[in-house]
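What follows is a short report on a single structure.
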Amino acid sequence: MKLRYFAWLRDSVGCAEEEVTLPAGVDNVGKLLDWLAGRGERYEQAFEFIAVVMVFVNQHYADRSRPVSDDDEVWLVPPIAGG
């Protein structure tokens with residue numbers, strides 16, 4: 001799976017994108033987010049406010065129940081303020 005991080009998530013995780021292989025049992029967006037948050041301190045901190053992050057699977061908005069697989073591209077997009 002290709003993961004792409006945007007805005008402050010990119011800064012917190014330390015990369016703009018990465019390739020991962022999903023572990024057994026991680027088959028939807030909610031489980032993916034939970035698994036990612038458990039990958040280490042920088043992920044735990046980055047995902048502290050994950051409830052406000054929009055998730056897109058293959059460029060389509062996805063809720064936590066949306067199925068995912070290793071062939072998908074997932075974008076994690078936090079709200080961005082500007083002026």
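Out of all DSSP beta bridges in the chain, what portion is antiparallel? Express it as a percent rounded to 5.
On the way: 11 of 15 bridges.
The antiparallel proportion sits near 75 percent.
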Between E17 and residues 5 or more places away or on another chain, the pairs with built amide H atoms under 5 Å apart involve Y5
Working note, the stretch 16-83: Cα radius of gyration (Å, one decimal) and Dmax (Å, whole number) are 12.0, 43
Sorted on mean Cβ neighbours within 10 Å (highest first), peptides 68-77, 50-59 come out as 68-77, 50-59
A correct fewest-to-most ranking of Y5, Y43 by other Cβ atoms within 10 Å would be Y43, Y5
The answer for M54, listing residues at least 5 apart or on another chain whose modeled amide H is closer than 5 Å to its amide H, is V77
Correct response: the longest run of the chain lacking exposed trypsin sites (Lys or Arg not before Pro), defined by DSSP loop and at most 14 other Cβ within 10 Å, is 1-38
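Read-outs: derived from the displayed coordinates by stated rules, not from any lab. It should be emphasised that the depicted structure is a prediction, and the values quoted were computed from it without experimental measurement. Virtual Cβ from ideal backbone geometry, glycine too; neighbours counted across all protein chains shown.
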